[in-house]
Amino acid sequence: MTTTSTLSTVDTSTLRERAAAIKKQVLANLDHYLVETEKQVTAHGGHVVFAQTVDDAVDYILLLAKERGVEHFVGARATNLANDKQALRNEIEALGSDLGSYLAGRARQPDASASYQLERLLAAGIGITGANFVVADAGAICLAEDDDFGRRASAAPKIHVAVAGIEKIIPRTRDLAVFLRLLSARFPGHVSLLSGPRRTDELDGPEEFVLILLDGGRSAILADAAKRELLQCIRCGACLARCPVTPVGQMGALTRLLTPPHTASPLVHASTLCGACGEACPVKIDLPRILVALRHDDRLALGGWRAWLLRGWAFVMLRPRLYEFLGLMARAFWPAAWKGAKPAAKSFRQLWRGKGR
Amino acid sequence: MAKRVSLFVTCMVDQLLPKAGLAMAEVLERAGFDVEFREAQTCCGLPAYQAGCSSQARAVGSHFLNTFVDADYVVVPSTGCAGMLSRDLPHLFPDDPSARTAAQTLSTRVWEFSRFLLEVAKVDSLGARFPHRVTYFDTCCSVPAQAGPRTLLQKVKDLDYVELDGPPECCGFGGLFRWHAPQEADAMTQKQMSRILASKASHVVGLDVGCLLQLREALERGKHAVQTLHLAEVLANQ
């Protein structure tokens, strides 16, 4: 008997179009989807907290822990978060902001498995996870993992706190059929759709569920037409995998927009703009265009001799006769040792005139 | 009356690889076009645009606009410059509606050389002959494999076409990239050079002069006999 997966027969380009369209639609109506998410999470017995900054999220969790008398936390990435505000801060920042979501599993310590033993998790009062997607109509979060540590951290402790950037919202449960397929070359090993705390007829799950929706500079990115597309990112890492340069560097330069102080790093210049990242992106973010737009940001503009060289270059390029004269000078006085970009013996325009045109 | 085509040879072809420009003119004439060269032309503005120097890019972009505003077709031998002119030129004038409109109109008349042959001139064979083993290197800003130049190469008589192994990848040129990451640039070029050498081709053909010069320098430094050629040089050969 032959079985054919329906998913594998779907054309990826159709999926990418669909994914990009859904993301654009959510971002254009984010105010509506935030309200809808809160409504549905509440209807399922959970609680939504809006955090302006990572520090707000950290403060909320510490306050919650104090109120509930919780001493031990576990996170989906790190297990020893108790009484260490900075560790908690790093965890939240990573879960909510950078490539922490799906890639979190790969960044864990090799001995993590032991730390995620059930006893440790049960002893923890609060389990903190990220969310790959926040599903508005179900009031749920979706975790996609290769292992099941996030699932364990969400289910065993009494309180489950999920931290998600506001851009992680997708409208409907059925949209997961599009996004989960694009998240990785192979389907994630563990997919959990978690909504609200444990019901009375359920055997396990947390007693309390809190979804922290983190702004963390995202509304500012949303307001900036040149960068807005970045919020379509589903943190799949395809751009990193395809980049021929130093992928973590430049694409990291973009994701740094999502962490304080919300400015890209000078690494945006360290790209050849070859376009591989944009081609690879499953939600069709025009990454090379955004890299160029960021280079035009005053804070990242070229400085020093490079800026002066480009000013000089423009001065020459606006004056065809000066341009030609300098070309002649370069030919006449080119040091023999400089082989790389040695000018040709005659320029095109000299040769063209020589042909009697 | 034959249609008129304006060459924009780009500053790099003008100064560093003029034979690619001459070959392009020859092929276009053979395809039945009147070819003109406007002496006021210099650069498209790409270096400043990519470096984030808006005002310099705008100034040089305006110069291009003024030089070619009444051209019917502007044909460009470099994918990088063609991309700048057909895609990004209007973005240089966010606050100047009349310049932006003019740039939008002109940008639709700018053609990269191989696309012009296939889509406007609608010729894929011009009687070229090139009895060598040739490979094609997918050049700048065009990571998905380019079908057009392969079609054109495979129509060339006696040409033994060989494909490079693996997916297309950047050569490491990238304008001012070397300023920011010289070691990475070298590593990328070496990697692409290995792919080219593995193909055992005697000639590697490309459509962006930046990439071709980057590869040529690495091949010469490594004392390899492989020649770099612009597609027009192969098509002009008879």
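The values are calculated or read from the model by the stated rules, or taken from the named source; none is laboratory data. Note that the structure is a prediction, hence the values are computed from the model and not measured. All Cβ positions, glycine included, derive from the backbone under ideal geometry; neighbour counts span all protein chains shown. Protein only, heavy atoms only, side chains kept; ligands, DNA and RNA dropped before computing areas. Shrake-Rupley method; radii C 1.70, N 1.55, O 1.52, S 1.80 Å.
Within segment A:207-249, restricting attention to residues that are within 14 Å of chain B (Cβ to nearest Cβ) and among the β-branched types (Val, Ile, Thr), the residue that is surrounded by the most Cβ atoms within 10 Å (Cβ to Cβ) is A:Val245. Step by step: first the residues of segment B:23-35, then only those that are touching a residue at least 12 places away in the same chain (Cβ under 8 Å) and open to solvent by 30 Å² or more (accessible area, probe 1.4 Å), then the one that is farthest from the other protein chains (Cβ to nearest Cβ). Which residue is that? Result: B:Gly32.
For segment B:10-22, filtering for residues that are of a type in the set (A, V, I, L, M) and more than 7 Å from every other protein chain (Cβ to nearest Cβ) leaves 2. Would you confirm whether any residue within segment B:8-22 is open to solvent by 30 Å² or more (accessible area, probe 1.4 Å), in contact with a Ser or Thr (Cβ under 8 Å, 6 or more places away or on another chain), of a type in the set (Ser, Thr, Tyr) and within 30 Å of A:Val268 (Cα to Cα)? No - not one qualifying residue is present in segment B:8-22. Counting just the residues of segment A:299-328 that are more than 9 Å from chain B (Cβ to nearest Cβ) and more than 29 Å from A:Lys342 (Cβ to Cβ), which one comes out farthest from the chain's Cα centre (by Cα)? Looking at the filtered set, the residue picked out is A:Gly303.
Could you grab me the full set of residues in segment B:96-131 that are over 20 Å from the mean Cα position of the chain (by Cα) and either surrounded by fewer than 16 Cβ atoms within 10 Å (Cβ to Cβ) or of a type in the set (S, T, N, Q) (or both)? Correct list: B:Asp96, B:Pro97, B:Ser98, B:Thr101, B:Gln104, B:Thr105, B:Gly127, B:Arg129, B:Pro131. Do we find that A:Gly189 is surrounded by 22 or more Cβ atoms within 10 Å (Cβ to Cβ), touching a strand residue (DSSP E or B) at 6+ places or on another chain (Cβ under 8 Å) and in contact (Cβ under 8 Å) with a residue 12 or more places away in the chain in this structure? Judged against the criteria, A:Gly189 is not a match. Scan segment B:193-238 residue by residue and report those that are away from chain A (no Cβ under 14 Å), in a helix (DSSP H, G or I) and over 22 Å from B:Trp111 (Cβ atoms). Once the filter is applied, which keeps residues that are away from chain A (no Cβ under 14 Å), in a helix (DSSP H, G or I) and over 22 Å from B:Trp111 (Cβ atoms), segment B:193-238 yields B:Ile196, B:Leu197, B:Ala198.
Scanning segment A:40-53 for residues that are surrounded by 13 or more Cβ atoms within 10 Å (Cβ to Cβ) and under 25 Å from A:Gly196 (Cβ atoms) turns up A:Gln40, A:Val41, A:Thr42, A:His44, A:Gly45, A:Gly46, A:His47, A:Val48, A:Val49, A:Phe50, A:Ala51. Of the helices (runs of 4 or more DSSP H) contained entirely in segment A:286-357, those carrying at least 1 residues that are exposed (fewer than 15 other Cβ atoms within 10 Å of the Cβ) and aromatic (Phe, Trp, Tyr) fall at A:304-317, A:320-333.
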